[in-house]
Structures are given as structure tokens and as C-alpha cells.
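Okay, so here's the structure we're looking at.
Every number here is computed from the coordinates shown, using simple stated rules; none is lab data. Everything quoted here is computed from the prediction, not taken from an experiment. Glycine gets a Cβ as well: all are built from the backbone with ideal geometry, and neighbour counts include every protein chain shown.
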Amino acid sequence: MDVESSESEQLLVEEYKNQGNSCYKQGMYNEAIAWYTKGIEIDSTNVFLYNNRSAAYLMINKPLDAYKDANRSISLDSQNVKSILRCLKCCLILGDLNEAKHLCSIVRQLEPTNMEFSSLLQKIELLSETHRSYEDKLSTSDFRHALHLITKCIELAPASLSFNLEKLNILIQLKRFSEAKILVENLLHSHSSSVDLLFYRGLCLYYLDHLDKAIVHFQHVLRLHPDHIETQKVYKRAKNLLKYKEEGNTLIHDHKYSQAFEAYTKALEVDPSHDMINAKLYCNRACALFYLDRFDEALNDCDNAISLEPNYLKARIRRARCYSSLEEYEKAVEEWTAVVKLDGSQENKKSLQAAKSALSVSQRDYYKILGLKKNASSDDIKQAYRKSALLYHPDRHTSADEATVKEKERKFKEIGEAYSILSDPVKRRQYDNGELSGDDAFGQGNVSAHNLFTQVFPGFGTSTVHFYFG
């Protein structure tokens with residue numbers, strides 16, 4: 001290359017640098033980068049071009065490219081403090097503490113009183129101290145404080161992939177999968193080939209119960225990285241969960257409840273930490289147990305489902321039905337009340353009223369009132385009523401004190417109520433099925449206790465009944 005040609009190229013490089021500087025001052029950073037790049041293509045040893053392009057890369061949030069240019073600038077001029085400080089700033093943004101500390105030691109020797117260096121040094125020391133505190137909290141499984149501290153680290157080093165991966169891990173530990181998925185998607189824009197991010201994306205899909213999508217995604221990851229152990233493990237779990245869950249659902253649909261129970265049990269053994277899907281599996285297994293008349297076990301599975309997902313409507317409805325089947329009517333009313341708060345549909349309100357009715361019935365044991373067993377015949381019922389009604393008829397206790405009279409009247413009415421229901425085959429069946437409240441006994445056209453007495457004892461009005469005591 002002759003001298004004239006060399007001088008011409010240097011003039012061209014200077015022109016490109018000036019054009020780049022002009023664009024940089026106007027905030028046209030991509031254009032500035034293009035001009036600096038043209039200059040570097042001619043003069044690949046120009047410190048100023050690398051340094052200026054590094055500054056432009058920082059302005060468009062490309063700290064890794066900025067770091068490479070600043071580092072190249074330092075390799076060309078190891079005494080250039082401006083390049084070293086820019087490289088130090090890139091290390092801070094990227095969270096590269098080891099390299100940052102190395103560069104700090106160099107600046108201390110060259111310009112220890114540099115104001116920009118002092119500011120960067122404070123931030124680096126704060127980042128280092130915060131990350132040490134994060135590691136301490138992580139070592140004791142204090143994930144909430146660890147999350148707070150790693151978030152502080154990311155505020156100081158926003159482009160640090162390692163810090164963001166640590167935050168993802170903490171979010172997963174805290175089961176905040178929706179937040180983790182948003183973070184993963186954002187990071188993938190700038191780190192699309194990161195196998196760790198690709199794995200975490202699949203993990204979020206898996207724990208958010210998108211099993212189909214998770215399986216497809218893991219297949220994609222394993223095509224790119226067939227030896228990634230963690231992906232292999234979760235991929236296998238996802239396939240097994242989906243297999244046993246779908247198998248159980250099919251068996252429920254076919255009314256094969258014992259086999260469905262076995263399938264759901266296998267599914268629940270796959271991943272005890274998967275709250276979202278395990279809540280559904282417990283609820284589905286409760287359905288199988290319910291139809292097998294294993295109400296206590298079904299109730300326990302409902303409890304497990306609700307402990308994982310407190311507002312799981314289907315599990316609460318199923319638990320309410322279990323309570324009713326176990327004749328725990330007060331708890332059934334409480335559960336249906338909770339259901340109506342979550343979903344005030346007419347169907348649920350109707351179920352709540354039915355539960356209240358069953359509770360009312362349960363609080364009056366009409367067989368016990370008449371001293372009968374549940375298989376008593378109609379003759380047994382009539383004889384028991386005759387005996388009890390004569391014993392507690394108010395006319396028999398006219399000389400007693402007021403409190404006693406009121407108690408006998410209450411008992412007499414209760415006896416009449418019991419007889420009114422148990423002597424009527426339709427009402428008795430409704431009562432036995434928990435469909436009839438005690439308030440129905442004398443309501444809507446039914447006779448009063450005194451009128452009922454006269455029907456059972458024809459020819460005797462309440463004023464003509466006489467009691468003899470021998």
C-alpha cells in the first residue's frame with residue numbers, strides 16, 4: 001500500500017468517524033454504529049472507533065456488544081482509561097463481578113481519583129454485597145428474601161443472564177409460575193438460544209398445567225440439546241402425568257370407578273410438587289371414590305384438592321356432597337354457603353336450600369321421638385303415637401306449673417309432627433332421603449297437633465279427653 005493510498009484511507013476513516021459522532025449526538029445510535037463499523041472495516045486497529053461504537057451499543061441496550069468493543073479497545077491501548085471505564089460499566093450491567101473487580105484494580109493504578117470510577121466502584125461493591133446476602137438467604141431456603149435481593153441485583157445489573165436465571169429459579173421455588181413465564185419470554189428475546197431459558201419456559205408451561213404444550217416444547221428443546229438432563233426428567237414426568245390423567249378421565253366416563261381410582265393414584269405419584277394438576281387429580285379421584293360409596297376417602301381427597309386450590313369450585317361442590325352423604329349436614333350447609341359465594345348460580349342456591357332442609361330434618365329424629373326403629377311398620381308407628389300422645393297431652397298436665405305445661409305442649413307438638421311425617425308414606429320417604437324439613441310437617445294445609453290427635457282418637461275432642469290415674 002503506497003503512502004498516498006494510506007493517507008486517503010485514513011481521511012476516509014476520519015470522515016466515517018465524524019459522521020458517526022454526528023449521528024451519535026443526534027441520538028441516531030444505529031446509524032452511528034453503521035458509520036463506525038465502516039471505519040473499522042478499513043482500520044481494524046482504531047481504538048477510537050471501537051470505543052465510540054461501544055458507547056453507541058450501550059445506548060441501544062446491547063451491553064454485550066459494547067463490552068466486546070470496549071475490550072478490543074483496551075487490547076489495542078491498555079492505558080486508555082476511558083475504554084477501561086466503559087468496559088467496567090458493561091461488566092456492571094452484565095453482572096460480571098470477577099471481570100469488574102479485575103478492571104477496578106487496573107483503574108486504581110492509572111486514575112484512582114477518577115470521578116466516574118468512584119461512582120462505578122460504589123455500584124460494583126453494592127452489587128457484590130447484595131449478591132452475597134442473596135446467597136446467604138438462598139442457603140437457608142429463605143426464598144422470599146432471596147427473591148427481594150436478587151431483584152436488587154438485577155436492578156444494578158439488568159443484562160445479567162445469570163442473575164435472571166437465579167431469579168427464575170426462586171420464582172419456581174415460590175410457585176409463582178405466571179411471573180416466571182413472563183420473565184422467561186422477555187429474556188428469550190435477547191437470549192433465544194439459551195438452553196436454560198428454553199428449559200425454564202417448558203417448566204413454566206408444565207407447572208401452569210399446559211401439559212400438551214410443555215411436551216411439545218420439551219421435544220423441541222431435546223432436538224436442540226438431546227443431553228439436557230433436567231429437560232429429559234421433566235419431559236418424562238409431563239408425559240406420565242398426561243397419560244394417567246387422561247386414562248382416569250376415560251375410565252370415569254365409562255363408569256369404571258375402581259380402575260379410575262387406580263389411574264388417578266398413579267398420576268398423583270408422578271410429581272407431588274405440582275399443585276395445580278394435583279388439585280384436579282385429587283378432585284377427580286374423589287369423584288371415583290364417591291361413586292364407590294367410599295365417602296370418607298372422597299372427602300379426604302376433596303380436602304387435599306382445596307388445600308392446594310382454596311377456590312376450586314368443583315372440589316368444594318364435591319366436598320359438600322360428601323358431607324351430605326356422610327350425614328354431616330351442618331358442614332354440608334357451610335360448604336354450600338362457601339360454594340354460593342364463589343358461584344351464586346340458581347343450581348348452587350338450590351343445593352344450599354336442600355342442605356339446609358336436610359340439616360333441619362337431621363335435627364329432628366322422628367323415629368327416636370316415637371321410640372321407633374327405622375324399619376318400623378305403619379302399625380308400629382300408630383301404636384307408638386297413641387302411647388306418646390296420651391302421655392304428653394296438655395290436658396293431662398293442667399295442674400302442673402307453667403314451665404312444665406309449656407314443655408309438655410312442646411313435646412306433644414313434636415310427637416304430632418313425627419307422626420304426621422312417618423305415617424305418610426310419601427313424606428316418610430322424603431324424610432328418610434333428607435328431602436323434607438320439619439317445618440313441612442304442619443305447613444301448607446296440614447292439620448295441627450290437636451286435630452291430628454282427634455283423628456287418631458275418633459270421637460274425642462280435646463275437651464272430652466279424660467285421663468284416669470289409678
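Would you please classify the overall shape of the stretch 45-131 from the alpha carbon gyration tensor, given that a ≥ b ≥ c denote the square roots of the eigenvalues, rounded means a/c under 1.5, and beyond that prolate means a/b larger than b/c while oblate covers the rest? Oblate, because a/c is 1.5 or more while a/b does not exceed b/c. Taking amide hydrogens as placed 1.01 Å from N in the peptide plane, the amide H of Ser190 sits under 5 Å from that of no residue at least 5 positions away in sequence or on another chain. The slack in the chain from Glu402 to Arg132, taken as 0.36 nm per residue of separation less the alpha-carbon distance, amounts to 89.0 nm. Think of the chain as having a plus end and a minus end, set by charges on the Cβ of Lys, Arg, Asp and Glu; of Ala403, Cys104, Tyr257, Ala403 sits farthest toward the positive end of this dipole. On the beta carbon distance between Gln363 and Gln219, with R0 = 45 Å, the FRET formula returns roughly 0.15.
Classification of the stretch 60-186 by its C-alpha gyration tensor yields a prolate form. The axis ratio a/c (a ≥ b ≥ c) is 1.5 or more, and a/b outweighs b/c.
Distance between the pseudo-spin-label points of Lys123 and Leu208 (7 Å out from Cα toward the beta carbon): 3.2 nm. Annotation: amide H-H contacts under 5 Å for Leu370 (H modelled 1.01 Å from N, sequence separation of 5 or more, or interchain): none. Available extension along the chain between Thr250 and Asp77 is 55.1 nm, counting 0.36 nm per residue and deducting the alpha carbon span. Sort out for me the Cα centre separation of the stretch 59-127 from the stretch 231-282, rounded to whole Å. Here the answer is 53 Å between Cα centres. Taking packing as the residue-averaged number of other Cβ atoms within 10 angstrom, the listed peptides 271-278, 79-86 run from highest to lowest as 79-86, 271-278. As a calculated quantity, the FRET efficiency between Asp379 and Arg410 at R0 = 35 Å, using C-beta atoms, amounts to about 0.85. FRET efficiency for the pair Asn61 and Lys356, taken as 1/(1 + (r/R0)^6) with r the Cβ-Cβ distance and R0 = 56 Å, rounds to 0.35. Relative to the current alpha-carbon distance between Asp142 and Thr113, full extension at 0.36 nm per residue lengthens the span by 6.5 nm. Here are a few candidate values for Kirkwood radius over Cα pairs in Å: [x] 24.3; [y] 30.3; [z] 23.5. Which one was actually calculated from the structure I just gave you? Given [x] 24.3; [y] 30.3; [z] 23.5, the structure-derived one carries the label [y]. Per-residue Karplus couplings for the stretch 90-106, computed as 6.51 cos²θ - 1.76 cosθ + 1.60 with θ equal to phi - 60°, are listed in order as 5, 4, 4, 4, 7, x, 8, 5, 5, 5, 4, 5, 4, 5, 4, 5, 6 Hz, Gly and Pro entered as x. Per-residue ellipticity at 222 nm from helix content only, as computed over the chain with -39500 (n - 2.57) for each DSSP H run of at least four residues, stands at -24500 deg cm²/dmol.
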